[in-house]
Structure formats: C-alpha cells, structure tokens
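Just below is one structure, and these are the notes that go with it.
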Amino acid sequence: MPHAVSFAREIGRRDILIVAATKSEIFMVLKNVEVCITGIGVHFARRKLREVLETRPSPSLILSTGVSGALTGDLLAGKIIMATKVLFGDAEYETARVHLSQVPYLEGPVYCSSKVVGSRIARTEIFKQTGALCVDMESGAIAEIGKKYGIPVAVIRVIMDGVDDRLPEFESPEDDVEMVEIMSRISLGMKIKFARKAIVAVLKLNKALLTLLDKPTRIEVREPDKRPDR
C-alpha cells in the first residue's frame, strides 16, 4: 500500500476557492473571498465547480462548506466539523486540513449522499458502517473534482439538523426545474421547522470562516507516496 505523506504550507484568502450550495450558508464571507455557488446536490456541485475551474487559474485550496446533518445523537446545531476524509459511494477522498484558531470543532469523516438521509435509522446505520460524523450532498462531488484537477480540498461543515429531525426528502436535482422546486420546498421547511437551528448553524459557520480568512492560514495536505513499500 502507498504511504501517506503530509505537506504543510501557508496560504492567503486569495488562494482559496470557497464552494457552497447556497449564498445564505456563507453570506458573511461573500465579499471576502472568491466563491462558487453550486446549487444543492452532487450533480450541480460537480457541474458548477468544473465550469469555474475551466475559466480561472487553479486555486491553492478548494474549501467545501455549508450545513450538514448529524449522524450521531450528541452532535447539536452549530457544531463545526472538519473532515479527515470524504466518503462518497465506493470512493474515499483524503482531505486537506486548515488551521482554525479559537474555533471549537471536531475532526472526523464526512459522508456525502446523493439524496437526503431523512430518518434516524438510516443516519445511525451510516454512522455504524462508516464512522462519519455528518452527511451532506455536495462534498463528495467537490472532492472528486478536486482530485481530478490536482487541487487539495478541505471540508468544513456545520451541523444543522439532528438525527431525529426530518427534512424534506429528495434526490439530488439534475436540472434547473428540479432545483427550483426543491429550493422552494426547503425554504418552506426552514421557515416552519428549522428556522432557529438554521440561524444558529449558519452564524457559527460564518464566524469560523471569517476567522479562517482573517489572516494567512496553514494547510496540511496528505498525498499518497509513489514509492513502493519496503
């Protein structure tokens, strides 16, 4: 098996491309750094990020961020998660780590799903099988594109919904019509059921991102060593 080799370096905000599904998730940093707003789900994330990377110089780091759902009962709204890896289908992607000073967070795997994981049973099963702390619908596609383009990807997610919260269930949209329909359903759900949790989560996430962008940050990238085992 290849060895994992760590490389550490310092980068500034101009070297970072922040990728999120919606503007509302990163509203405090929209003017601070270059962003790519993809829309919800793996299909739009893959498509939009590829379009952006084809029209600009490659960033030093892609940062996938936004809200996520807890896979364990002890993770509450507002908890920051920094991915150690992203699990997506049969693939497993190593992630870069960034230095978050003065911001409490947990490190662990992040699970990416092409559809909403809505029930406690389903979420608990994912945790048992993978050890992932949270689930989102974009980071796997973003990590996939980052690997294809040779760009390190870090993932910082914030918990919004807990294991007992039920979100509107849907598959990742594949076209604009589906996206509009899903966005309207999510917007209604946020107003009725998750308004407080969404506010807590987004404010905590944006505070962490502002701290990260305030000064040059140290990143650690793990890459496979091409040397054979001895």
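Taking other C-beta atoms within 10 angstrom as a stand-in for reagent exposure, Y93, Y105 fall in the order Y105, Y93, fewest first. Taking every DSSP bridge with both residues inside segment 4-218, close to 30 percent are antiparallel.
Provide the net charge surrounding T38, with neighbours chosen by a C-beta distance below 9 Å and charges set as Lys +1, Arg +1, Asp -1, Glu -1. So the surrounding residues net to +2. Near T55, once Lys and Arg are set to +1 and Asp and Glu to -1 for all other residues with Cβ below 15 Å from its Cβ, the sum equals +1.
When the C-alpha to C-alpha distance is required to be over 23 Å, the pairs from K128/K197; K31/K215; K48/K147; K31/K147 that qualify are K128/K197; K31/K147.
How high is the relative contact order of segment 4-218? Use alpha-carbon pairs under 8 Å, at least six apart in sequence, and give a whole percent.
Reported as a whole number, the value is 31 percent.
Each value in this text was obtained by applying a stated rule to the coordinates, not by laboratory testing. Note that the structure is predicted; figures quoted are calculated from it, not measured. Every residue, glycine among them, receives a Cβ derived from its backbone with ideal geometry; neighbour counts consider all protein chains shown.
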